[in-house]
Every structure is written in C-alpha cells, then in structure tokens.
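To keep things clear, I will list the structure first and then write my remarks on it.
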Amino acid sequence: MNDTLIYSGSDLDFGEWRKNKFDQWVYASLYPFGKEPNEQNEEFWGVYEIKGYVVFISFSNIYVYHNKQLTKISAPTRFSGSFPGSDKIYLADEKNGMYVFNGMALKQMCQYPDEKPLKVSGVFETSSGPVLVTKDRGLFLWRADKLSPLQNAVSSRLKKDQVFCAVQINDSCYAFGTILSGLYITDLNGRILQHINRQNGLLNNTVLSMHYDASGLLWLGMDYGIAALHLHSGLTYFIDYQGYFGSAKTAVLSEDQFYLGTNQGLYLAPWHALDNKVNAAPFSLIKGSEGQVWYLGEINNTILCGHDKGLYAVTNNTLRLIYDEPGVWTCIPYKKEYLLTGNYNGISVFKMEAGRYVFLKKLELILGSCNQIINEKDNVFWVNIPNFGLIRFELDSNFYPQNRVIFPASTFIGHAPYLLKDGQGITLLTDEFRYRYDPAEKRFRQQSENNAPKNVVGLPHGLYLPTSLSPNFQFFPIYNGFALQDDSVALLQKSLDVSLLVRKMEAFNNQTRQVIYRNTAIPYTLNNLTIRYVVPNQSNVLYQYQLEGFSKQWSAWTTQTSVDFLNLTEGDYRLKIRASANGKRSGLTEVVFHIAPPWYRSYFAYVLYVILIVLLFFLIRARQNMRLRAQKNDLLGQEKHVLHQQAEKFRQEALLGQQQQMEQELNLLKQQLKRKSVELAKQARENENKNRLLSQLNEKMDEVRRDPATSKMNWADMKRQLELFLETDDRTFEIQIDDLNQEFFQKLREQFPDLSLYDLRLCVYLKIGLNSKEISEILKVLPSSINVSRSRLRKKLNLGPDQDLYGYLNHLE
C-alpha cells in the first residue's frame, strides 16, 4: 500500500481504492460474492498488510489477497477481534482462545484461562511476551506457554472502566480507551502517566477507537465526535471545566512550586502535580488572595504579586501586604534597592529596607492606568498607558520624570499595544503591526505585520508573547484556563520529516468547476485554478509557492493550504510548492499544467486567420482594381469636362478679348472722329474767319481806293482786325484741348469740385506728359509758376509727397 492505493473493508464487501489521473480515489471490489446478502452476511472490520499479503478479516473468515489471487481461511468458531503485531496478526476467537496468523497459516497461541472466554480489546508485544488487554478483566501476560493476569496500577482501573480499544505509542507508552472513564496513557510497566476524560477536555468518556500517527497525534473515535491529542507537541492545556481556578492571567515557577494568578485569586500547586492528570484539581487557593491577580514575578528573591487590592509579597502559602494602593499591573526593579510599579493610576516607587519593600512616593506627571513599564537603559523608562499612548521619560535622582516624550495611541495602527525590549531596542506590538523605535529620529517605524502565536488556542486579545517559567517552559494565559509549552518536547517534533502532498486541483469559472490532473491541458474558459495541498500529520506548517510562467518571486510563507490563480493566460506553467514545519523544510513538489489558448488564439484559428487574410487581400486588391478603373473613368470624364470648360472659357475669353478690342477700336475711332470733327470744325471756322477777314480787308482796300483820304484810318482798322485774328488763332490750341478732354474734366469736377479751369487744363497738360517748361511756353508764364501751380494742385487732389501725380491723373481716366 502507498499514497495511491488503499485497501478497505465494509459490510458485504472489501476492495481497493486507487487514485486516477485526477488524484481522485476510485474503488474496485475484490469480494468474490458480490454485495447480495447470503447466509454468511459477512462484515469486514479488519484490514492488514503483512509480508506483502493483504489480509481482510470478518467474523467468519480470513481472506488473503496476493498477486491478484484470493485465499479464504475460515474462523475456528467466530472471530471477535484482530490485532496487528510484528509480521503477524493476533486474532481472538470467541471460544477457542487466541490465534496467530503469519500470512500463510492460522495457528493457535493459547486457550482462555479457566475455560472462560476473554473479551480481548488489544494485544501488545513486549520482551516478556504478548500482553492481552481485556475489556473487563484487566491485563494478561502470555509467557512460557501460560496466560496469567498482570498486577499493576492501570490494570485494576481497566477492570472497572471497561477497555474498548488499546494502542501502543512508540516504544515507550500504551494508550487505553475505555467506555466509562476516557483515556489512560501509561508507561510500559503500567504506571499511569495521563488520565484524560470529560473533566479535563474530552467530549465524553467513551473512546471507541484509537490511532497513533507518526506526527505524534493520537486520534480518538468517541461515542460522539472525534478528538486528537498532540502527544509530542509540547503544548499542554489546563482547562478549568469545573471552576477550580478560573481564567489564568500570570504565573511564576519557584523552587518546584507553581504559582498561578487568575481572575479568582492566587493558586499554588506542586510543579510535578501538573505532569499527571489523575488528580484533576492540584491547585489550592492561597488565603487572602481572592480577587484579580495581574502580576507575578520574582525580584530580589522575593515573589511579588500585583493584585487588584494592592502589592503583596508571597512566601510559600502566605501573603504579606506591602502597599494597599489598588490595582498593580506590573513591577520592575531599579538600581537594586528600588522597585517601580505600574498601577491603575500612575507609577509608585518602593525602596528595599531591612529586606522588605517600603512605599517611597508616586511619580509626578505620569497619570492613568500604567500597565507596562520598560527600562530602556540606565534611568530611561517607557510606560504604556492604554487608550492614551506611550511616554518616554528620564528619572532624576529625586524620581522626577524629565524630558518626557509622548507618543499618542493614534500614532499606531491597531489595538492592544504591547511594549517589549530586545537586543535591537524598543519594540511596540499591536494586533496588526510591529513598530521599532528609532533613537536617532526619535520616532517609531512600522516594520511588518504582527501575528499572535497561532499554535495556542484561546489566547486573549492583545497577548503576543508567553511568560517564561524556566529555560524549557513557557506559560500562556487562555480563556478559562492556561497552557504550558515544553520547548524540550517541541524539539522532538523537528525530527519528523516534512512531506507535502497535492490533494486536489480544480479549474473553474463563474458557472462550473472541473477537477483536473497534472500535465493536462486546461481549457481557456476554465483559466482559474484552485490547488489544495497539505503536509499530513504535522502542525504549525507554513507553505510557500512559486508559479513559473506567472511570477519569478516566491510567495510569502503562509498557513493557507490552498492557492488560487485567476485569469491565467495561455501557456505552460510549473507550480513549485514547499513547506516548513518546526524548522525543517520539505522538498519541492512540482505541478505542471498547460492553459490552452482560447479558440480565437489556437493553431487552427491562426491558420484560418491566414486564409482569411489572404482572401481579404485578394478581395481588397480586386476592389481596389475596380475602384481604380472607376476612378480612371471618372478622371477621364472629369478631364473631358475640364477640357470642355477650358475650351468654352478660352472661347469666351477670346470673344471677350475681341469685344474689348473692338470696343477699344470703336473708342479710338470715336476719339479720332471727334478729333477730326474738331479739326474739321476748326479748319472750317478758320477758313470762315480767314474768308471773313479777307473780305473785310478787301472792302477796306476798296474804300481806300475809293477814298484815299480815309486810308490812314482804314489801314489802322485793318491792322486791328489782323491782330484780333492772330490772337484768336493763338487760343485755338486751348479750345481743342478743352474739347478733347471733356470726359476727363467731368470726372475731376465730380471728385474735386473746387478745381478751376486753369487747374483742369494743368491736369490735362500733366496727364499727356508735358513738363513744366513746355506748359509754361503754352501758357506764356514762367516755369516756376508752373511748379507752384503743381504743388497747389497736389494739395487740392489730396496727394501725399510720395504719390506720383502723373500716375494718379492717368489712373483717373
């Protein structure tokens, strides 16, 4: 048999259990007769392995299973019990006595004495011979072919308490489970070491079955429920089920006397009496100590008791009152002869005089309930005041607290603060964190989470450290009792191997859970994993894990026996798990699994994606070609349209150019016609004037000829007419200029109504490009006058100094 194979027996059946790939047990029956009731109606209550043979035992038969073959051996009459030995099985027959089965044959060992059948509950192999444990007749020794009763301390008790089962504990002890009085644990000589019953912890007094495992656990199958005794844990609980002493608060061990301070008073018990629970009530109340005891300690060879009623000195079984101030939480020595006590209100100072402590004074400035005082160094002290905080101060020679520094309770996270001094300095513990005092910065630094001892059940809130009674024993106050830790026994546990087993692996999502096995591919839809593991037969086990492919870091040590991984991506994973118990570590246990990718990231999906991409490429290419052809046709149409528009534009521009040219030519012709008309009119007028002048001159000459006497007057008249004609001819140019520029004059008059005729003519002369000299000759004035006229004209036209007059006048046309 191993961790993947179990043999079991039951009513009308026996068979084997094997683990499948999911680490689940699968049953296969080996019983040859099936489960139908028959005349034998067998019930298989014993299964053993000896020398490679698997033995199944019922009341009527023995079945031996080897190499997939079954061998049946019938009982002499009827088997009433079977008990394993070294390479053999002891069987009790109801009538014929005890038998031994060695795997091949059934042989009688002895008959019952006085022909009275014994109800055998167990068999122990000793150096003297097999010892039979009977239900109601005590112990019997088989030696020298003779069965005789054993006379020892436990045998007489077993006769009346009725033994139902028995088991050997290692090579040093026996355990007897009784029907009427619980459990007895004895040494090999029958001396009672422990008597455990309902009065000191068991659910009831009936023990029906027992099993002792390699870790030191003794399992008890009770009439109601299951119990387990940690025989090698080193931790012993003292529960006050009967109200003998109450809930413990403090304790001290002095000269083999155990003093216990509880909520009921101060109790005394011999230290050795705690090692044997046959006497369930070894404690006696010290007279006068009734009430709450807060502190016990031995200082300067004096046992001091901090009581609700005051401070006491304890000597053997008596109390002596030192000071009656109520409520003494703690005591610490100072400079050999002094004592400081933390009270309900403040700190008191005592001095040793003539071998006794005498009250000296109360410290000033320190008020409130001082439940802890710590001496940091020399005259530097710390005091812990619940709900207020911490105070650090120095005592001068007059016991006056100087240089006080207050650390309010709000500075720290958590409740139930506890001060302690270790090799590194001052530390404060709360129910959540650990703080270390930094003397350089004069403040506390948060370090880590604080965890109360997890191996002790029932610790009161705020208890983080035990009280040391001796180099090997630690004291823990618990609700309704106390616990003692034997460190020397705890060291024995460290020799046990730490073997880690993976119990179950499950993949799950929001809708379903599925058991999986190692080296399997897990669907992506179930990419959340729960892995359960355990170190069997061990207590106070810490676990650590690392998931390769997910994290390169190991987790913190934890007591959790399972781990969840959520939303794992596809890929290969290797989970490494290790355990630590009592200073020893297990080897690495590895679990390999694979998270399959989702269907859309699988191999076939990628192949499909490639095919789709290729198809999409060709579809896109075909569509682009279609679009290119359509765009080409559109571009050709657009080009045609643009060319048509351009041709039409060019035609319109040509027509417009022709029209403009024709208009320009028409305007030119009009101007020429006008000019010619003016010239013709001028010529006609000149001709008419000349003809009129000639006619007048001819008449004057005729008169002169007719009347020479009037010649002088006539000649003067003719001269005058000639001069008038010449003057009229000189103004012809001005008249022509005026006639040719009537439109220009009109524009100037519209924009500048203040311009004179002289200014208008000057504008025309300047417009046609005449300079000042040429204009002065025409107007018969000096050139300087023309320059002055130009300046005046610029002002009238509102032109700036930088503006060109010539360009401006030509722009107006």
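The values are calculated or read from the model by the stated rules, or taken from the named source; none is laboratory data. These numbers come from a predicted model, not from an experiment. Positions of Cβ are generated from backbone atoms using ideal geometry, with glycine treated the same way; all protein chains shown enter the neighbour counts. Heavy atoms of the whole protein, side chains included, go into the accessibility calculation; ligands, DNA and RNA do not. Shrake-Rupley method; radii C 1.70, N 1.55, O 1.52, S 1.80 Å.
Tabulated values for the structure
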| item | result |
| --- | --- |
| Dipole in debye (nearest 20) - the range 224-291, about Cα centre, beta carbon charges: Lys, Arg +1; Asp, Glu -1 | 140 debye |
| Sequence-distant residues sharing a close amide H with Gln292 (under 5 Å, placed H) | Asp308 |
| For the range 212-289, alpha-carbon Rg and Dmax in angstrom | 15.2, 48 |
| Accessible surface ranking that places the most exposed of Trp599, Trp329 first, with a 1.4 angstrom probe | Trp599, Trp329 |
| Nonlocal amide H pairs with Gly85, under 5 Å, H built at 1.01 Å | Tyr90 |
| Dipole of the chain, positive direction: furthest Cα of Ser562, Asn810, Leu608, with charges on the beta-carbon | Asn810 |
| For the range 334-386: Kirkwood Rh in Å [reciprocal of mean 1/r, alpha carbons] | 11.5 Å |
| Heavy-atom accessible area per residue - the range 269-420, 1.4 Å, Å² | 47 Å² |
| Probe 1.4 Å - accessible area at Ile406, Å² to nearest ten | 80 Å² |
| Virtual spin-label span in nm between Val405 and Val788, 7 Å along Cα→Cβ | 10.7 nm |
| Equivalent ellipsoid, the range 1-120 (semi-axes from 5 times Cα gyration tensor eigenvalues, Å) | 28, 16, 11 |
| Farthest positive-ward along the range 407-539 dipole, Cα basis, beta-carbon charges - from Pro460, Gln446, Val515 | Val515 |
| Phi to ³J(HN,Hα) by Karplus 6.51 cos²θ - 1.76 cosθ + 1.60 over the range 509-524, Hz, x for Gly, Pro | 9, 6, 10, 8, 10, 9, 6, 10, 10, 5, 6, 10, 8, 9, x, 5 |
| Full-stretch length increase - Lys712, Gln111 - with 0.36 nm per residue and alpha-carbon distance subtracted | 195.1 nm |
| Angstrom value of the Kirkwood radius, inverse mean 1/r, which spans all Cα pairs in the chain | 40.6 Å |
| Phi to ³J(HN,Hα) by Karplus 6.51 cos²θ - 1.76 cosθ + 1.60 over the range 288-302, Hz, x for Gly, Pro | x, 9, 4, x, 7, 9, 9, 9, 9, x, 9, 10, 6, 6, 10 |
| Accessible area of the chain belonging to carbon and sulfur atoms, whole % at 1.4 Å probe | 52 percent |
| For the range 103-210, the Rg and Dmax computed from alpha carbons only, in angstrom | 14.1, 47 |
| Cα-based radius of gyration of the range 157-231 once divided by 2.2 N^0.38 Å, which approximates compact folds | 0.98 |
| Cut-off under 5 Å, modelled amide H: who pairs with Gln372 long-range | Asn384 |
| Those lysines that a straight Cα-Cα span of less than 22 Å connects to Lys119, excepting residues fewer than 8 apart in one chain | Lys88, Lys95, Lys107, Lys135, Lys146, Lys159, Lys160 |
| Cα radius of gyration and Dmax for the range 450-598 (Å) | 19.6, 63 |
| Alpha carbon centroid spacing (whole Å) that separates the range 43-90 from the range 576-619 | 50 Å |
| Cα centre as origin, Lys/Arg/Asp/Glu Cβ charges: the range 61-203 dipole, Debye | 280 debye |
| Descending Cα extents along the principal axes, the range 398-529, whole Å | 78, 38, 31 |
| Where Cα atoms sit under 23 Å apart: lysine pairs in the range 238-344 separated by 8 or more or lying on different chains | 4 |
| Accessible area, probe 1.4 Å, largest first, for residues Thr341, Thr710 | Thr710, Thr341 |
| Label point distance in nm, Gln803-Lys72, each placed 7 Å from Cα along Cα→Cβ | 14.1 nm |
| Per-residue ³J(HN,Hα) for the range 380-394, Karplus 6.51 cos²θ - 1.76 cosθ + 1.60, θ = phi - 60°, Hz, x for Gly and Pro | 9, 10, 10, 10, 9, 10, x, 6, 10, x, 10, 10, 9, 8, 10 |
| Equivalent ellipsoid semi-axes - Cα gyration tensor, the range 295-335, angstrom | 15, 14, 8 |
| Efficiency of FRET between Glu441 and Thr569 - r from beta-carbon atoms, R0 51 angstrom, step 0.05 | 0.70 |
| Added length on full extension, which subtracts the Cα-Cα distance from 0.36 nm per residue, Asp308 to Tyr609 | 100.1 nm |
| Pairwise Cα inverse-distance average, inverted: Kirkwood Rh of the range 172-319 (Å) | 17.0 Å |
| Summed residue charge, Cβ within 15 Å of Ile50's Cβ, Lys/Arg positive, Asp/Glu negative | 0 |
| Under the span-like rule (Cα at least 24 Å along the axis, Kyte-Doolittle mean at least -1.0), DSSP H helices of the chain | 603-706, 711-730 |
| Selection from Asn316, Phe79, Val64 lying farthest towards where the dipole of the chain points positive, charges on Cβ | Val64 |
